[in-house]
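Asks: Before we start, here is the structure in question, set down as structure tokens.
The values are calculated or read from the model by the stated rules, or taken from the named source; none is laboratory data. Please read all numbers here as calculations on a predicted model, not as lab measurements. Neighbour counts run over all protein chains shown; Cβ positions are idealised from the backbone, glycine included. We work out accessible area using only protein heavy atoms, side chains counted, and drop any ligands, DNA or RNA first. Shrake-Rupley method; radii C 1.70, N 1.55, O 1.52, S 1.80 Å.
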Amino acid sequence: MKKKVDLRIFCSKMAKVATIIITYNGSYWIKRSLEHLFQSSVTSYLIIVDNNSTDDTIEIIKPFLEKIELIQLPSNLGFGGANNIGIQRALELGYSHIFLLNQDGYVQKDCISKLLSTSLLSPQFGIISPIQLDATGHAMDPVFQSQVAKYYAPDTGRLNKELVKEKPSDPIEVRFVGAAAWFLTSELIKKVGLFHPVFFHYGEDNNFAARAQYFGFKIGIQVTTAMIHDRKPRKKSKFLPIKLRSFPLHQLLDIRKPFVLAWVVAYYQMMRTWKKLHKASGNKHKKQFLEMRKWFFSDLKKALEIREEMKKGYK
């Protein structure tokens, strides 16, 4: 009688995970972030890409250099640009899965293990996130919670019950989840491409997720494991300038939508955001508004070219 082979175990032995952390003045978090990764039940190859930190981040990382690969950049390329360098390195080394983790993120011991298992059993999910908890570790991060509320809105009891389950559940499909902890397949990247350089910081994960869905991949959350996102609550008024700089452009370049619809949605969002920002701070950000407005008129040809470029996928 032939012994039955557990396909999941076989595939997990063949899979190789690279974890990428982008650091920028991250001395407050990076040691704790690394220590959690070292305790992980699944060992991943750690790549740190530093965006030219000016604090003592590199000094804190140095004692761990035998366990990680450090890439120091001469200038700050932003979240997407730095991640692209890390992702390309991981692909060169032949990694089948890539875990993008914020420098202020602390993973549970079973986090990578459950994300890998979920990805192997549900390969249609090109992007999978664990539950992202707030700094206390007792509740969901407010931004994450707002992103997934339509699809997953547990009370505290259910949340805690899910997080102690030994086996991962089927992933819950969502429209979008932020890239503080993204588990990606190399297949996804080889079809979709990298983060687009038109986004420096903020908006790049929204754009990438939209492109992933355009190419037929799903985005999901694994509710039986978590990471702590150690950040302060975001004040909406302070976030408005970032929203003006990034989100209308994301809508305009959203290749899931027909161009005319994308233009209308994006222009409406830009004007609505500008109205709120102008009310809060007058003309302080008017230059930023005028720069963004160019995308809808004088730079419209460039926006159309970028959209067509994104539809071609990996380069």
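Asks: So, in the range 50-81, of the ones that are among the polar types (S, T, N, Q) and farther than 19 Å from residue 38 by Cβ, which residue ends up least open to solvent (accessible area, probe 1.4 Å)?
Replies: Out of the qualifying residues, it is 51.
Asks: Confirm whether residue 240 is over 27 Å from residue 311 (Cβ atoms), open to solvent by less than 70 Å² (accessible area, probe 1.4 Å), part of a helix (DSSP H, G or I) and in contact (Cβ under 8 Å) with a residue 24 or more places away in the chain.
Replies: Considered against the rule, which asks whether it is over 27 Å from residue 311 (Cβ atoms), open to solvent by less than 70 Å² (accessible area, probe 1.4 Å), part of a helix (DSSP H, G or I) and in contact (Cβ under 8 Å) with a residue 24 or more places away in the chain, residue 240 comes out as yes.
Asks: Please state which one of 234, 211 is more than 15 Å from the chain's Cα centre (by Cα) and either surrounded by 21 or more Cβ atoms within 10 Å (Cβ to Cβ) or assigned to a loop (DSSP other than H, G, I, E, B) (or both). First the steps, then the outcome.
Replies: Details: 211 fails: more than 15 Å from the chain's Cα centre (by Cα).
Criteria check complete, one pass: 234.
Asks: Being closer than 28 Å to residue 187 by Cβ and over 15 Å from the mean Cα position of the chain (by Cα): is that true of residue 117 here? First the steps, then the outcome.
Replies: Details: closer than 28 Å to residue 187 by Cβ: yes; over 15 Å from the mean Cα position of the chain (by Cα): yes.
So residue 117 passes the test.
Asks: If I ask for residues that are out of contact with any Ser or Thr (no Cβ under 6 Å at 6 or more places or on another chain), open to solvent by 20 Å² or more (accessible area, probe 1.4 Å), within 29 Å of residue 207 (Cβ to Cβ) and not in a helix (DSSP H, G or I), which ones from the range 158-191 would you list?
Replies: Across the range 158-191, the qualifying residues are 170, 172, 173, 175, 176.
Asks: Further question: For the range 14-105, give me every one of the strands (runs of 3 or more DSSP E) that falls completely inside it and has 1 or more residues that are in contact with a Phe, Trp or Tyr (Cβ under 6 Å, 6 or more places away or on another chain). Steps first, please.
Replies: Values: elements: 17-23, 45-50, 68-72, 97-102.
Answer list for the range 14-105: 17-23, 97-102.
Asks: Related question: Is one or more of the residues making up the range 123-135 touching a residue at least 24 places away in the same chain (Cβ under 8 Å), aliphatic (A, V, I, L, M) and either over 24 Å from residue 153 (Cβ atoms) or part of a helix (DSSP H, G or I) (or both)?
Replies: No, the range 123-135 has no match at all.
Asks: Moving to a separate point now. In this structure, does residue 279 turn out to be without any contact (Cβ under 8 Å) to a residue 24 or more places away in the chain, closer than 30 Å to residue 160 by Cα and open to solvent by 10 Å² or more (accessible area, probe 1.4 Å)? Even if it seems obvious, please write down each step before you answer.
Replies: On the way: without any contact (Cβ under 8 Å) to a residue 24 or more places away in the chain: yes; closer than 30 Å to residue 160 by Cα: no; open to solvent by 10 Å² or more (accessible area, probe 1.4 Å): yes.
Judged against the criteria, residue 279 is not a match.
Asks: Which of (1) buried (at least 16 other Cβ atoms within 10 Å of the Cβ); (2) at pLDDT below 95; (3) among the hydroxyl-bearing types (Ser, Thr, Tyr) does residue 43 not meet, given it meets every other one?
Replies: (1)
Asks: Here is a list of conditions, (1) open to solvent by 10 Å² or more (accessible area, probe 1.4 Å); (2) under 25 Å from residue 37 (Cβ atoms); (3) not in a helix (DSSP H, G or I), and residue 205 meets all of them except one; can you say which number that is?
Replies: Unmet condition: (3).
Asks: Within the range 243-253, how many residues turn out to be open to solvent by less than 30 Å² (accessible area, probe 1.4 Å) and closer than 25 Å to residue 313 by Cβ?
Replies: Result for the range 243-253: 6.
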